Amino acid sequence: MAPESISTARSCSPWRDWLRAALVVLCLGAMPPFASAGPVAQSADTTLWLRLQHATWVMQGTHRPEHLIYVMTDANCPYCHDLWLSLQPLYTRGLQVRYVMVGIISSDSPGKAAAIIEARNPSVALDRNERQWARLPDDLGGGIPPVQPKPATAAALRANEQLMHELGVQGTPALIYRSGDHVMHVIRSASDPAKLKAIVSAAAPD
């Protein structure tokens with residue numbers, strides 16, 4: 001959904017203004033754009049990277065990537081939505097993004113994450129959530145209606161949240177990638193398209 005449409009939804013009522021502001025605070029608090037945790041120690045790097053590989057995530061982009069990035073994301077996070085939009089033109093660079101879903105922003109975040117993860121085609125469901133952003137009644141978050149998470153999905157979301165914290169990430173979005181020397185990098189938030197291109201270029205394929 002275009003940013004202009006988001007602005008239109010934001011102006012509908014003072015209550016919706018307050019809700020969006022609350023979502024922004026919950027997403028990132030005072031964290032500046034592109035706050036970086038820097039390279040991770042080698043032993044922790046290998047363990048956490050393996051856990052990312054085996055986490056529950058939604059893949060978008062090419063099946064044979066030249067660049068691979070994991071994104072910690074919440075279906076109701078407006079900065080995650082902005083990041084999703086910014087990543088769209090970069091898929092032509094041989095990019096694969098694995099969205100690691102968490103449900104921490106609002107009470108229906110786990111339900112929206114479940115609607116995506118449990119869908120017949122999770123990638124299409126994620127697209128629906130983003131393209132229909134802020135279109136649900138009295139809801140400035142993702143546009144996919146929430147469902148009751150199955151027990152396995154609820155467990156996967158808890159595991160993803162635990163992994164997020166072990167990566168040193170307290171809010172969404174966060175990008176995790178390995179450079180060509182196999183050092184893992186954690187970027188806490190990303191909204192600048194120019195810097196995002198540099199991150200994609202630096203990301204190794206595995």
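A short reminder: the numbers here are calculations on the coordinates, not readings from a lab. Computed from a predicted model, the values in this text were never measured in an experiment. Here the Cβ positions follow ideal geometry from the backbone for every residue, glycine too, while neighbour counts run over all protein chains shown.
See the values below:
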{"item": "Cross-link partners of LYS150 among aspartates and glutamates (Cα-Cα below 20 Å; sequence separation of 8 or more within a chain)", "result": "ASP74, ASP108, GLU118, GLU161"}
{"item": "Phi to ³J(HN,Hα) by Karplus 6.51 cos²θ - 1.76 cosθ + 1.60 over region 62-68, Hz, x for Gly, Pro", "result": "6, 7, 10, x, 8, 9, 10"}
{"item": "Modelled FRET efficiency - R0 22 Å, HIS182 with ALA159, Cβ distances, 0.05 increments", "result": "0.35"}
{"item": "Whole-number D in µm² s⁻¹ for region 114-158, Kirkwood Cα-pair radius fed into Stokes-Einstein, 25 °C, 0.890 mPa s", "result": "225"}
{"item": "Residue-by-residue Karplus 3J(HN,Hα) for region 116-132, coefficients 6.51, -1.76, 1.60, Hz, glycine and proline x", "result": "6, 5, 8, 5, 4, 10, x, 5, 5, 5, 5, 4, 4, 4, 7, 6, 9"}
{"item": "Region 75-92 - phi-based ³J(HN,Hα) in whole Hz, Karplus 6.51/-1.76/1.60, Gly and Pro as x", "result": "4, 10, 7, x, 6, 5, 4, 4, 5, 4, 4, 5, 7, 3, x, 8, 5, 5"}
{"item": "Exposure proxy order (Cβ contacts within 10 Å, fewest to most) of MET164, MET59", "result": "MET59, MET164"}
{"item": "Histogram of C-alpha separations across region 50-184, 5 Å bin width, %", "result": "2, 11, 21, 25, 21, 13, 5, 2, 0, 0"}
{"item": "Full-stretch length increase - ALA202, GLN148 - with 0.36 nm per residue and alpha-carbon distance subtracted", "result": "15.6 nm"}
{"item": "Kirkwood Rh, angstrom, region 111-206 [1 / mean 1/r, Cα pairs]", "result": "15.4"}
